[in-house]
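Quick note: the coordinates plus some simple rules give every number you see, no bench work behind them. Remember, it's a predicted structure, so these values are computed and weren't measured experimentally. Glycine also receives a Cβ, built like all others from the backbone with ideal geometry; neighbour counts cover every protein chain displayed.
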Amino acid sequence: MERVDRQRVRKSFHLGAEQYDQHTPVQQLVIEQLLKIIEQHTSAKKPQRILDIGCGTGRLLEQVGYCYQTAALAGLDLAPNMIKQAAERLPETVCLMHGDAEDLPFQSNCFDLVLSSSTFQWLDRLNLCFSEVLRVLEPDGQFLFSLFGKGTLHELHCSWQQALETEGMENWQKRTGGPHCFHTPEQVKSSLEATGFNSVKVWSGHERIWYSDVPQLLQAIRKIGAATAPRTPAGGGLGWRRVLHLMADIYRKQFGSADGVPASYQVIYATGRR
């Protein structure tokens, strides 16, 4: 897997923070599913110290706060503007920090529940992040999370590849870094077990969002992280615009319907215990 450009991801989310919630309906669906999983796994013992990695604008933490009103909540995000948006949404008692999932700025053994929603697809070194989660969890603490998996945005990747091949521009893929490479459920499970988590369970589901046309879809995708959408290379010019138009045409013909054009997401859910 190619290394993820973390600075590009950080900048994308930082710039899009104010409008993020308007362009991420699939993330809200995932949060709703994750909340059900959290409830199932904490029914016997209510968590008291909860961390959300990649907290974004604070939507998950807000809902968790309603469910566990006596718990101390903390949120971490790579993008400073996301933390700013979360601070406007959440009570002042919530600890919000700008930081990296691969180097958590917390002491060891300080949380009994660590959560994350739609974040870890931006990490290519899952073992580093999972090791940090294991460190900050107290003994018998739980790790519950979701991320987008390998089948995500397959319509876009398929249409983009066909357009490049039709125009004889396959080599341009190297100049732009190619499409984002998502993790598989098997990779997630292997990383959790290799890190040392117990009682590991990994499964996946699917979500589909419809858009009126391909330009609207691409705009929305850029709001959830520009690494998923085609980038214009230096000197792209008319040739690049031609392949973009061809990609959109292929997308509409192969996947579109009277309802518009779809964007499909494979959502991986996972649980583990220290």
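Give me 55, 95 sorted ascending by neighbouring Cβ count inside 10 Å, so fewest comes first.
By the 10 Å Cβ count, ascending, the order reads 95, 55.
Around residue 204, which amide H atoms from residues at least 5 apart in sequence, or from another chain, sit under 5 Å from its own amide H, with H modelled in the peptide plane?
Residues meeting the criterion, in which the H sits 1.01 Å from N, are 269.
Give me the percent of Cα-Cα pairs in the range 36-77 that sit more than 12 Å apart, rounded to a whole number.
The share of Cα pairs beyond 12 Å in the range 36-77 comes to 58 percent.
Looking at the range 47-164 only, what percent of DSSP beta bridges run antiparallel? Nearest 5 please.
Antiparallel bridges make up about 5 percent of those DSSP assigns within the range 47-164.
Where nothing but the Cβ of Lys and Arg (+1) and of Asp and Glu (-1) is charged, how large is the charge dipole of the range 18-144 around its Cα centre, in debye to the nearest 20?
Dipole about the Cα centre, nearest 20: 280 debye.
So what's the net charge close to residue 256: Lys and Arg +1, Asp and Glu -1, counting the other residues with Cβ under 11 Å from its Cβ?
Around residue 256, the surrounding residues sum to -2.
Using the crude model of +1 on Lys and Arg Cβ and -1 on Asp and Glu Cβ, and no other charge, please compute the dipole size for the range 64-208 relative to its Cα centre, in debye to 20.
Computed about the Cα centre, the dipole is about 140 debye.
By the scheme Lys and Arg +1, Asp and Glu -1, what is the net charge of all other residues having a beta-carbon under 9 Å from that of residue 197?
Every neighbour counted, the sum reads +1.
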